[in-house]
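Visitor: Before I ask anything, here is the structure I am working with.
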Amino acid sequence: MPMRQWVPEWMPNLSAIDKLLRAPVRVTLTGAMPPFTSGEITFELPVTNMRGLLSALNERFPGIGEVLEEDTAVAIDGVIHEIVYTQVLPPGCEVFFIPRLESG
């Protein structure tokens, strides 16, 4: 029988922290993106950066990655960014792809 390791009471629950650090990213595609979606769609993906997110979306909706890169901006936890492949996505963050606004 393996020995049980003593853990001090003040030490945080490591399994809860581990789950938090691996929390999936919540992704929302806004507006219609025919032929990929017919409206807003939200789901969770276990990714850590924009490259992984775009790749996962392209696997789910073939061809959508190029459309998202060219025609949308991305809001990560409410802050709007240009799409940068190395952009880190914190565990549990919310990512919205929104149509780019054209100025004239």
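Visitor: Starting from region 17-33, keep only residues that are in a helix (DSSP H, G or I) and surrounded by fewer than 15 Cβ atoms within 10 Å (Cβ to Cβ), then list their pairs with residues that are modelled with pLDDT of 65 or more and not small (Gly, Ala, Ser) whose Cβ atoms are within a distance under 6 Å, requiring at least 6 positions of separation or different chains.
Guide: Leu21/Pro91
Visitor: Output the residue which, of all residues in region 34-64 that are modelled with pLDDT under 90, part of a strand (DSSP E or B) and of a type outside the set (S, T, N, Q), is nearest to Cys93 (Cα to Cα).
Guide: Once the filter is applied, the top-ranked residue is Phe43.
Visitor: For region 58-73, which positions are touching a helix residue (DSSP H, G or I) at 6+ places or on another chain (Cβ under 6 Å) and either surrounded by fewer than 15 Cβ atoms within 10 Å (Cβ to Cβ) or free of Cβ contacts under 8 Å to residues at least 24 places away in the same chain (or both)?
Guide: Within region 58-73, Asn58, Gly65 qualify.
Visitor: Take the residues in region 34-50 that are of a type outside the set (Asp, Glu) and over 10 Å from the mean Cα position of the chain (by Cα); name whichever of them is surrounded by the most Cβ atoms within 10 Å (Cβ to Cβ).
Guide: Per the criteria, the residue is Phe36.
The values are calculated or read from the model by the stated rules, or taken from the named source; none is laboratory data. Computed from a predicted model, the values in this text were never measured in an experiment. Don't worry about glycine lacking a Cβ; one is built from the backbone with ideal geometry, like all the others, and counts go over all protein chains shown.
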